[in-house]
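What follows is one structure encoded as structure tokens, with my remarks underneath.
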Amino acid sequence: MLVTGSSGLIGSEVCRHFHDLGWQVYGVDNNQRAVFFGEKGDTRWNQERLARELKNFIHIELDIRDREGVLKTVKDVAPDAVVHTAAQPSHDRAASIPFEDFDTNAVGTFNLLEATRRYSTSIPFVHMSTNKVYGDAPNLIPMKELETRWEYADERYKEGIPETFTIDQSKHSLFGASKVAADISVQEYGRYFDMPTCVLRGGCLTGPNHSGVELHGFLSYLVKCNLEGKEYTVFGYKGKQVRDNIHSYDVSRFIEEFIKAPRVAEVYNIGGGRQNTCSILEAFQLAEEFSGKKMVYKYSDQNRAGDHICYYSDLRKMKAHYPNWDITISLEETIRQIVESWKQRLPN
Ligand SMILES: NC(=O)c1ccc[n+]([C@@H]2O[C@H](COP(=O)([O-])OP(=O)(O)OC[C@H]3O[C@@H](n4cnc5c(N)ncnc54)[C@H](O)[C@@H]3O)[C@@H](O)[C@H]2O)c1
């Protein structure tokens with residue numbers, strides 16, 4: 001298996017998961033996260049952990065923007081499956097690094113797709129996309145304000161946002177736009193070349209191995225602030241904005257099911273679903289419960305550009321296509337694990 005972004009949150013979990021299932025795993029990463037977010041986004045610790053703990057893991061230092069390098073790597077590795085998780089992952093960061101964002105997310109994905117097609121059109125190709133491909137169109141759904149969160153007032157979205165939701169004519173951020181280019185390209189390689197490609201449009205993907213920073217990885221960053229007693233800034237929507245959170249293990253489990261029985265050009269919304277939602281205010285409470293420390297925060301009236309007021313994934317298509325898959329890790333357990341992980345990683 002070839003996993004890109006192997007030192008990141010999802011990539012590292014996928015490497016571990018498939019390694020434990022008996023696969024030989026090749027991980028591609030160049031620690032670009034440290035370039036995007038500075039030393040706090042550094043993922044070398046995770047790369048070293050994989051190299052130390054997984055005996056059938058080989059790290060490949062490669063930038064996915066390097067087209068010749070990607071073509072050669074896919075040919076040399078000759079994988080039975082490709083899982084593509086490398087990305088510039090931040091909505092907000094993209095505007096200040098537009099070329100790096102587009103070259104990584106759109107062109108990097110294209111390099112991998114074409115390299116895979118030239119090697120084999122029959123191996124599964126799983127791509128991590130994002131709910132930001134829907135732009136801010138979910139904000140047009142009527143909402144009701146509850147004490148600590150926003151909720152959809154339209155019954156049609158009671159179970160969340162389905163894959164049929166429009167991706168057109170709304171504000172995406174440059175990140176959302178580069179991810180749309182990748183998302184559509186992955187679908188197209190499926191439809192046009194009959195390749196078993198899969199697009200996973202993530203809600204909030206999280207877990208203990210996230211190097212959360214202010215601009216990406218909200219739960220991980222929120223818990224880190226809580227433990228360090230550092231002030232967290234809430235951007236708009238009264239702190240009642242809702243996210244669905246899925247543990248990286250449950251993401252890997254879905255990828256396992258897809259690779260066992262691949263389909264062509266599929267798209268799924270992958271998140272924690274309704275059961276694993278929380279608002280920022282509710283996340284504060286949970287972090288406080290597990291850490292025993294009071295959350296320090298300030299409120300800024302200005303919401304992030306194009307940010308969702310309420311977003312959670314409708315998981316019914318995933319469950320219908322892959323009945324062996326379900327969410328197995330609750331939001332509470334995920335937060336507990338994030339607290340434990342930061343306690344070990346932060347200096348005392
Ligand atoms: N974490 C989330 O909440 C979330 C939500 C929706 C979608 N996603 C998507 O899931 C995927 C994985 O996200 P994550 O949270 O694991 O991100 P992450 O930043 O933790 O991991 C991404 C990894 O890719 C590497 N990388 C970046 N650019 C690279 C390049 N040019 N060449 C080689 N490696 C490069 C980084 O160094 C990093 O280790 C991304 O596509 C992201 O857009 C994540």
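The values are calculated or read from the model by the stated rules, or taken from the named source; none is laboratory data. Just so we're clear, the structure is a prediction, and the values are computed from it rather than from any experiment. Ideal geometry is used to build each Cβ from the backbone, glycine not excepted, and the neighbour counts take in all protein chains shown. Each accessible area value is taken on the protein alone, full model and side chains, heavy atoms only, with ligands, DNA and RNA left out. Shrake-Rupley method; radii C 1.70, N 1.55, O 1.52, S 1.80 Å.
Using the Cα gyration tensor of the stretch 164-323, with a ≥ b ≥ c the square roots of its eigenvalues, what is the shape: rounded (a/c below 1.5), prolate (a/b larger than b/c) or oblate (neither)? List each step's numbers first, then the result.
Details: a/c = 2.44, a/b = 1.70, b/c = 1.43.
It is prolate, given that a/c is not under 1.5 and a/b is the larger ratio.
Roughly what % antiparallel, to the nearest 5, for the DSSP beta bridges in the chain?
Numbers: 7 of 41 bridges.
Taking every DSSP beta bridge within the chain, about 15 percent pair in antiparallel fashion.
Indicate the gyration tensor shape class of the stretch 1-106 (rounded, prolate or oblate), computed on the Cα atoms with a ≥ b ≥ c the square roots of the eigenvalues: a/c under 1.5 is rounded; otherwise a/b larger than b/c is prolate and the rest oblate.
Because a/c hits 1.5 or more and a/b fails to exceed b/c, the stretch 1-106 counts as oblate.
Share of Cα-Cα pairs in the stretch 252-315 beyond 19 Å, in percent?
57
Provide the per-residue ³J(HN,Hα) series for the stretch 129-140, in order, calculated from phi with Karplus coefficients 6.51, -1.76, 1.60 and θ = phi - 60°, each as a whole number of Hz, with x at glycine and proline positions.
Listing the rounded values in order: 9, 8, 6, 6, 5, 7, x, 9, 4, x, 5, 7 Hz.
How much length is gained on full extension from ALA153 to GLU231, taking 0.36 nm per residue of separation minus their Cα-Cα distance?
24.8 nm
For the chain, count the residues as N, evaluate 2.2 N^0.38 Å, and divide the Cα radius of gyration by that value, please.
Numbers: Rg = 19.0 Å, N = 348, 2.2 N^0.38 = 20.3 Å.
Normalised by 2.2 N^0.38 Å, the Cα Rg of the chain equals 0.93.
In whole Å, what are the Cα extents of the stretch 86-243 along the three principal axes, biggest one first?
For the stretch 86-243, the Cα spread along each principal axis is 53, 40, 28 Å.
So what is the accessible area of the stretch 108-169 per residue, in Å², with the probe set to 1.4 Å?
Details: 2900 Å² over 62 residues.
On a per-residue basis, 47 Å².
Compute the acute angle (0 to 90°) between the alpha-carbon long axis of helix 108-119 and the principal axis of greatest extent of the alpha-carbon atoms of the chain; round to the nearest 10°.
Value to nearest ten degrees: 30.
With the cut-off at 1.5 for a/c, could you classify the stretch 151-247 from its C-alpha gyration tensor as rounded, prolate or oblate?
prolate
Charges only on Cβ, +1 for Lys and Arg, -1 for Asp and Glu: so what's the dipole of the stretch 87-138 about the Cα centre, in debye to the nearest 20? Before the final figure, lay out the partial values.
Values: 4 positive and 6 negative charges, 52 e Å.
Result for the stretch 87-138 is approximately 240 debye, rounded to the nearest 20.
Where does helix 173-193 land angle-wise versus the long Cα axis of the chain, in degrees 0 to 90, nearest 10?
40
Extending each Cα 7 Å along its Cβ direction at TYR192 and ARG304, get the distance between those two points in nm, one decimal.
Modelled inter-label distance: 3.2 nm.
Please compute P(r) over all alpha-carbon pairs of the stretch 242-348, binned at 10 Å starting from zero, and give each bin as a whole-number percent.
Pairs per bin, as whole percents: 12, 36, 31, 17, 4.
Just report the Cα centroid separation between the stretch 1-39 and the stretch 137-202, whole Å.
Answer, in whole Å: 25.
For TYR189, what accessible surface area do you get with a 1.4 Å probe? Give it in Å², rounded to 10.
About 20 Å², rounded to the nearest 10.
For the chain, find the longest principal axis of its Cα atoms and tell me its angle to the long axis of helix 218-228, 0 to 90°, nearest 10.
60
At 7 Å along Cα-to-Cβ for each site, give me the label-to-label distance between LEU21 and ILE184 in nm.
The modelled label-to-label distance comes out at 3.1 nm.
Quick one: if you stick a label point 7 Å off each Cα along the C-beta vector at ASN31 and GLU53, how many nm between them?
Going from the ASN31 label point to the GLU53 one covers 1.9 nm.
Set the bar at 26 Å for Cα to Cα. Now go through LYS238/LYS343; LYS144/LYS294; LYS240/LYS319; LYS40/LYS343 and name every pair that lies beyond it.
Going by Cα-Cα distance, LYS238/LYS343; LYS144/LYS294; LYS240/LYS319 fall outside the 26 Å limit.
Of the accessible area of the stretch 1-108, with the probe set at 1.4 angstrom, what percent is carbon plus sulfur?
Answer for the stretch 1-108: carbon and sulfur cover 51 percent of the accessible area.
Can you report the principal axis dimensions of the stretch 81-164 using only the alpha carbons, biggest first, rounded to whole angstrom?
Principal extents (largest minus smallest coordinate, Cα): 52, 34, 19 Å.
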